[in-house]
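None of the figures in this text is laboratory data; all of them are computed from the coordinates on show. Note that the structure is predicted; figures quoted are calculated from it, not measured. A quick note on method: Cβ atoms are made from the backbone with ideal geometry, for glycine too, and the neighbour counts reach across all protein chains shown.
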Amino acid sequence: MFSLSGKRALVSGAGAPGGIGFAIAKSLRDLGAEVIITSTTERIYDRASDLGVTGFIADLTTESDCLELIARVGALDILVNNAGMTSQNDPLGADEASDLTGVTNGELPRKLLTKIAPSGRLHWRAAASWEQLRQLASNEGLTLCHVGDYRPYDQQLALFKSRMKPYPNAKVAKQTTREFKGETWYLHTGAPVATPGTSNHGWGLAIDAALLVDGKVVTITTKPKDCKRSGLQFLLKVAQDLGWSWELQSEPWHIRYVLGDKELPQTA
Ligand SMILES: [Zn+2]
């Protein structure tokens, strides 16, 4: 494996122990880089001590915090701008395929959808990139599969109702909520789900990646022990080059295609 020894890396948004920023920081550290991590809260000091690296509190939406960080950190070789979270409520941004204009989420015409391996469908541009991802994975002896692809509206609704209820769950301290049909819905079980009609699965642009290991589906996770086996290291290495971005820090398996109308980069 190549080494980043002697290189200095800064990873922003690394405060969540199960987040992608923390996982990237750990990988960079493991490769020998000198790592600096930031987040907006004091928990960054816990993550810094977990990793044995330097942590700073910085709100990178303010100029003064940025200037102070630059002054304290000095020269860098690697910058990972991980802080921030894409809104799920504004899925159609500048990076979307133009043939989705005028289309309703969860009601994609069949001509925009392409079958993907091993099963399911995605928007044709995302599907082409997924095919490349699977090929690259296979070159490394990994079999990529998924546990979520294009999700028509009725499927989004069924999933939402299976996990969210229009009343609080007393057992869960920090409740994820969604506004839907004039009511507040609360998370009762499983991972949080997007409000029906807003998920990027409904555009065929998001996929929940997983690995097939000995015939079993293994979720992509940031757990250090599972990191290699789960394929997160592989995705971290290649997915962004093929136009995928992570949408939620809490869901390392959920990646979203963001190249819009751009051609796919060539991969050897
Ligand atoms: Zn997903």
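Observations, loosely collected:
- Relative contact order (percent, whole number), the chain, Cα cutoff 8 Å, 6+ residue spacing: 18 percent
- By DSSP, the beta bridges lying fully in the chain are antiparallel in about 65 percent of cases.
- The helix-based estimate of mean residue ellipticity at 222 nm for the chain, built from -39,500 (n - 2.57) per DSSP H run of four or more residues and divided by its residue count, is -7500 deg cm²/dmol to the nearest 500.
- Potential extension, Glu140-Lys237 segment - 0.36 nm per residue separation minus Cα distance: 33.7 nm
- Charge context of Gly204, other residues only, Cβ under 10 angstrom, K/R +1, D/E -1: +2
- Diffusion constant of the chain at 25 °C, which comes from Stokes-Einstein with the Kirkwood Cα-pair radius and 0.890 mPa s, µm²/s: 123 µm²/s
- Helix 124-139 and the long axis of the chain differ in direction by around 50°, with both axes built from C-alpha atoms.
- As a length-normalised measure over Cα pairs under 8 Å and 6 or more apart, the relative contact order of region 8-80 settles at 34 percent.
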